[in-house]
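The block underneath contains the structure these notes are about, expressed in structure tokens.
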Amino acid sequence: EITSLLSLYGGHFSGEQEILVNSPFWILNIPSEEMARGLMKRTVCAKSIFELWGHGRSVGDLYASLKNYPMDKMLPYLQSDSTYKVHIHTFNKTLTQAQKIKKIDALEFLPFKGKVNLKNPEHIFWILEDYGMDPNNAPEEPFHLYFGRWVHGQRELIESYSVKKRHFIGNTSMDACLSFIMANHGRVKPNDVVYDPFVGTGGLLISSAHFGAYVCGTDIDYNTIHGLGKASRKNQKWRGPDENIRANLRQYGLEKYYLDALVSDSSRPIWRKGMLFDAIITDPPYGIREATRRTGSQKETAKSAEKSTENHIFVSSNYHLSDIFFDLLKFAAEYLVMGGRLVYWLPVYRPEYTEEIIPRHPCLKLISNCEQMLSSHTSRRLITMEKVKEFKDQDQSSYLLDGQYMPYRGHNSFREKYFSGVTKRIAKEEKDNQK
């Protein structure tokens, strides 16, 4: 998420960051404080951002680094007419109040001229100490120390969009935190057009609309799109007349960004040719709590399809998990703008997981692959891909195997072997956990 936002706002990881990959403290190079604030207004993975004045692997290194920090950058925040306080945060170790005061007093060489105000200071300075990743075996001295001026924090975004307070929800409505992470992976920005082919109750549209993008989606479930049928909320039997996707966006003041939601089968083409979307952000059904369905039956013939009328209700059939992802990548390759991103969840059975299970397409580059643990044996991976090549006719039906793109051959493909049984294993584990 942070890497995607840096590419959107400008900036990059410090060269020193490679050796601190497991640290909770990351050093970034960002061109301006305004950009840093913009990044923090969007992220849900970072807690705070600081202007780094000094750091080191020991107390002596920290003090030496602080003494070398340009005085002209310090002075605007240390004036006599200002107020301040110093806060200490230790990762994986607890300090006594006396130890904290001693560390603060040791900073007397800094030219603080303002008054201390512990309740509502103008400027807050932090001492950050990293004691490693093992709380049961913390060292006497920290591995790394930092000192800086607090710039901005962000934790209210998730709470204000909590699914618990949402007007219209479904059985699998996406958690607000994950929804915003997905939008950030997709680098959604104002005036983008974002599409969700498995839109459900529209939870993923909300986060994109919050960032100023125009949103739309499709779903095969007529009742969900129109807000009909049984309610998913506890102690409510049927959905109300105003429970729909548009009402959700209206609830957050985002209705002006809502284009529409259509009843449609994602396995069948409905869009005109040409690139349409800046990002495709979706959570495909896995066949566990939401069925994987497509229009038509296995015995369907072209003749019967020709006879269908606009009032005909199509028979639905199973939509195999591997086909869902193949169709999704093919659609993204064709309908994303160049540089546009596809972000989706891929369920996996961890004991059998390998990198080869991730579907590939010649027009899409894999950007990131992040795991969310569900249980000891199951997880889902947040896959982010970027369009890097124009879609051609020969890209209609190909997939990646052993570094080469091969023609897709339906259920006999290598993807079928990987995905076969994944849904059953996950469903069985969920059922066992319920028991």
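The values are calculated or read from the model by the stated rules, or taken from the named source; none is laboratory data. Please read these numbers as outputs of a predicted model, since none were measured by experiment. Here the Cβ positions follow ideal geometry from the backbone for every residue, glycine too, while neighbour counts run over all protein chains shown. Ligands, DNA and RNA are stripped out before the accessible areas are found, and what is left, the full protein with its side chains, is counted by its heavy atoms. Shrake-Rupley method; radii C 1.70, N 1.55, O 1.52, S 1.80 Å.
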task = Collect the residues in region 111-129 that are among the charged types (D, E, K, R) and surrounded by fewer than 17 Cβ atoms within 10 Å (Cβ to Cβ), keeping them in residue-number order.
result = Lys113, Lys115, Lys119, Glu122
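In region 130-151, which residues are open to solvent by less than 30 Å² (accessible area, probe 1.4 Å) and aliphatic (A, V, I, L, M)?
Once the filter is applied, which keeps residues that are open to solvent by less than 30 Å² (accessible area, probe 1.4 Å) and aliphatic (A, V, I, L, M), region 130-151 yields Leu145, Val151.
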remark   = Listed by first then second residue, the pairs whose first member lies in region 379-393 and is among the polar types (S, T, N, Q), whose partner is assigned to a strand (DSSP E or B) and crowded, with 17+ Cβ neighbours inside 10 Å, with beta carbons under 8 Å and at least 6 positions apart or on separate chains, are Ser379/Pro347; Ser379/Val348; Thr384/Arg341; Thr384/Leu342; Thr384/Val343; Thr384/Ile367
query = Of the residues that sit in region 125-169 and are within 20 Å of the chain's Cα centre (by Cα) and hydrophobic (A, V, I, L, M, F, W, C), which one is farthest from Phe25 (Cα to Cα)?
reply = Ile169
Filter pass, Ser368 being hydroxyl-bearing (Ser, Thr, Tyr), modelled with pLDDT of 80 or more and part of a loop (DSSP other than H, G, I, E, B) = no
Qualifying helices (runs of 4 or more DSSP H) (wholly inside region 13-88; at least 1 residues being within 31 Å of the chain's Cα centre (by Cα)) = 33-42
message = When you check Phe180 against the structure, is it touching a Leu at 6+ places or on another chain (Cβ under 8 Å), assigned by the TED database to the domain that holds Met40 and of a type in the set (Phe, Trp, Tyr), yes or no?
response = no
query = Could you count how many residues in region 199-225 are modelled with pLDDT under 85 and under 28 Å from Asn184 (Cα atoms)?
reply = 3
